[in-house]
Amino acid sequence: MNRPVRFQFWQGEPVSEAKLTFCLALYAVEGLVGRVNVALDADFEFVEREIVIDESTFTGWLIARTFGGLISREFPEGSFTICRQLSAAPSKSLKLQEACA
C-alpha cells in the first residue's frame, strides 16, 4: 500500500458493523466507477479493530472518503479515529469477494 488510511475502532464498538458499512462504501463506489475498477484498484485490509484502505488510486480515494462519511454518521463521535500511515501497511490485502462474502 502506497498511501494507507487507517480507520481504528475503539473497544466496545461493533467492528462487524464497521465491516458491513465498508462493504456498503465499496458498493457505492462500484456504482460510480464500475465493478472492474473496484476489483482492480481497491486495496484494503481488515486488521483486528482497524480497516486500512490504500488511497493511492482514485478508486481507493473514493472508497476512503465514502467509508469515512458513512461511519461518521453511523458511529458516535470519538468511537473511532482516522489517520494516514506514513510507512507501508501490512502486505496482505483483501479483494471485494473476500471482504464482503
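Between K19 and T81, the modelled label-to-label distance comes to 2.3 nm, taking each label 7 Å out from Cα in the direction of the beta carbon.
Distance between the modelled labels on L40 and S56, one decimal in nanometres: 1.7 nm (7 Å Cα→Cβ projection). Between N2 and A28, the modelled label-to-label distance comes to 2.5 nm, taking each label 7 Å out from Cα in the direction of the beta carbon.
Every number here is computed from the coordinates shown, using simple stated rules; none is lab data. Note that the structure is predicted; figures quoted are calculated from it, not measured. Using ideal geometry, Cβ is built from the backbone for each residue, glycine included, and neighbour counts are taken over all protein chains shown.
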